[in-house]
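Novice: The structure is given below, and queries will be raised subsequently.
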Amino acid sequence: MEFPFDINQLFSERISILDQNLVASRQSKEKPDLRVKIATVLDELGEASAKAQDLPAPITSASKLQFQKHQLYLMKDGESSRGRGVVVGFLKVGYKKLFLLDRNGVHIEVEPLCVLDFYIAENLQRHGYGLELFNFMLQHQNVEPVLLAYDRPSTKLLAFLAKHYNLRQSVPQVNNFVAFEDFFYKRAVSQLRRVKKPDGEIKPYSLMEREAVRQEQRTLPWPFAAPQSPHRSVSSQCSQSPSAGSSPRRVLPCVTHPAFAGDSREQSPHSPLMDCCRTRRSNSLSRSQLGFN
Ligand code: ACO
């Protein structure tokens, strides 16, 4: 992604780590105009990512990053654009308190590092940049991919995880997060707190931002609200819990995804399997329950 200013002036490293302060270097800390440009980059990246994922609104922006304890890894190619540099993409992660179901259907309370947003510029996808960025984050956070939770991963991200990290079998959840089988085995027992199954529907402490933006869109009156595609009810084969009614448009990879069976290039981003595993959030969730943390 090109910008009408020098990307190398904003981001000195090939991969920069940004947090609430929106600071990528000592230089940008001291110069407010550089921070404005960094905010422009983040806003445009967030919009491009939302468009690529067919989200009604961005889940990443400069203002959101300033109010969330998330970390954003931003990758540039410093040589392109006649030496001014281009932005290749970004990866956003953060800790979330979640109720997850283990393989026995027992609710576990965890606070894993979650992959929240991930985007590589369209013309640069499938060139290995995503892998480089993801590996950088793993090293920086000192974590294995299987110990992460994934916030409603796209078909492309699922294919990416299967290809590079052999993550294929996930454990169905009643929220939108995807955890893979070894998540529960590899995590130290002390990190997994079994919880008494709450009465009524299960609500994660912090719902994913991408669902929150959908909620915001739904509350807008027509014609401002984005048209919603019709959702099907979750089928019993896609759910292990009677309280699955709280799960919004989630991906429940009950079995190995067909995307992993052959050449994923042939996969449609909206496969019937994905559709069958999506469902609608119960309207009983209030905005205060949609915690943004
Ligand atoms: N269709 C299917 N699989 C894909 C596609 C695609 N269009 N693009 C990448 N992949 C997967 C494949 O496994 C591919 O291997 P292959 O080419 O041999 O099939 C592999 O990723 C390529 O690895 P990289 O080149 O390292 O990945 P890339 O640089 O393309 O980054 C990413 C992966 C971030 C998923 C990128 O494709 C992208 O930005 N997609 C659009 C946005 C998106 O879906 N982001 C994830 C949202 S969900 C979330 O953030 C929790």
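Novice: Please give the number of the condition Ala57 fails out of (1) away from the ligand (no atom under 14 Å from the Cβ); (2) at pLDDT 95 or above; (3) surrounded by fewer than 21 Cβ atoms within 10 Å (Cβ to Cβ); (4) within 26 Å of Asp6 (Cβ to Cβ).
Specialist: Going through the list (1) away from the ligand (no atom under 14 Å from the Cβ); (2) at pLDDT 95 or above; (3) surrounded by fewer than 21 Cβ atoms within 10 Å (Cβ to Cβ); (4) within 26 Å of Asp6 (Cβ to Cβ), Ala57 breaks only (4).
Novice: Do the conditions hold for Lys96, that is, is it in contact (Cβ under 8 Å) with a residue 40 or more places away in the chain, touching a Cys at 6+ places or on another chain (Cβ under 6 Å) and not aliphatic (A, V, I, L, M)? Can you show your working first?
Specialist: Details: in contact (Cβ under 8 Å) with a residue 40 or more places away in the chain: yes; touching a Cys at 6+ places or on another chain (Cβ under 6 Å): yes; not aliphatic (A, V, I, L, M): yes.
The answer is yes for Lys96.
Novice: Please give the number of the condition Ala159 fails out of (1) touching a strand residue (DSSP E or B) at 6+ places or on another chain (Cβ under 8 Å); (2) within 10 Å of the ligand (Cβ to nearest atom).
Specialist: Looking at each condition in turn, Ala159 falls short on (1).
Rundown of residues vs (1) in contact with a strand residue (DSSP E or B) (Cβ under 9 Å, 6 or more places away or on another chain); (2) among the charged types (D, E, K, R); (3) over 21 Å from Ala50 (Cα atoms), yes/no style:
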residue	(1), (2), (3)
Lys97	yes, yes, yes
Asp102	yes, yes, yes
Gly105	no, no, yes
Glu132	yes, yes, yes
Leu138	no, no, yes
Glu144	no, yes, yes
Ala149	yes, no, no
Pro153	yes, no, no
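Novice: Next question. Can you tell me which residue is farthest from the ligand (Cβ to nearest atom) among those in segment 100-133 that are within 14 Å of the chain's Cα centre (by Cα) and part of a strand (DSSP E or B)? So that I can check it myself, show each step before the final result.
Specialist: Of the residues in segment 100-133, the ones within 14 Å of the chain's Cα centre (by Cα) are 112-120, 130.
So of that shortlist, the ones also part of a strand (DSSP E or B) come out as 113-120.
Numbers: Leu113: 12, Cys114: 8, Val115: 5, Leu116: 6, Asp117: 5, Phe118: 4, Tyr119: 4, Ile120: 4 Å.
Per the stated criteria, the residue is Leu113.
Novice: Is it the case, given these coordinates, that Ser63 is among the polar types (S, T, N, Q) and either in contact with a Pro (Cβ under 6 Å, 6 or more places away or on another chain) or not in a helix (DSSP H, G or I) (or both)? Write out each step before concluding.
Specialist: Details: among the polar types (S, T, N, Q): yes; either in contact with a Pro (Cβ under 6 Å, 6 or more places away or on another chain) or not in a helix (DSSP H, G or I) (or both): no.
Answer is no for this residue.
Novice: Another question about this same structure. May I ask you to list the residues in segment 145-156 that are in contact (Cβ under 8 Å) with a residue 60 or more places away in the chain and either more than 8 Å from the ligand (Cβ to nearest atom) or in contact with an Asp or Glu (Cβ under 8 Å, 6 or more places away or on another chain) (or both)?
Specialist: Looking only at segment 145-156, we keep the residues that are in contact (Cβ under 8 Å) with a residue 60 or more places away in the chain, and these are 152-156.
Passing the criteria: only Arg152.
The values are calculated or read from the model by the stated rules, or taken from the named source; none is laboratory data. Since we're looking at a predicted model, the values are computed, not measured. Ideal geometry is used to build each Cβ from the backbone, glycine not excepted, and the neighbour counts take in all protein chains shown.
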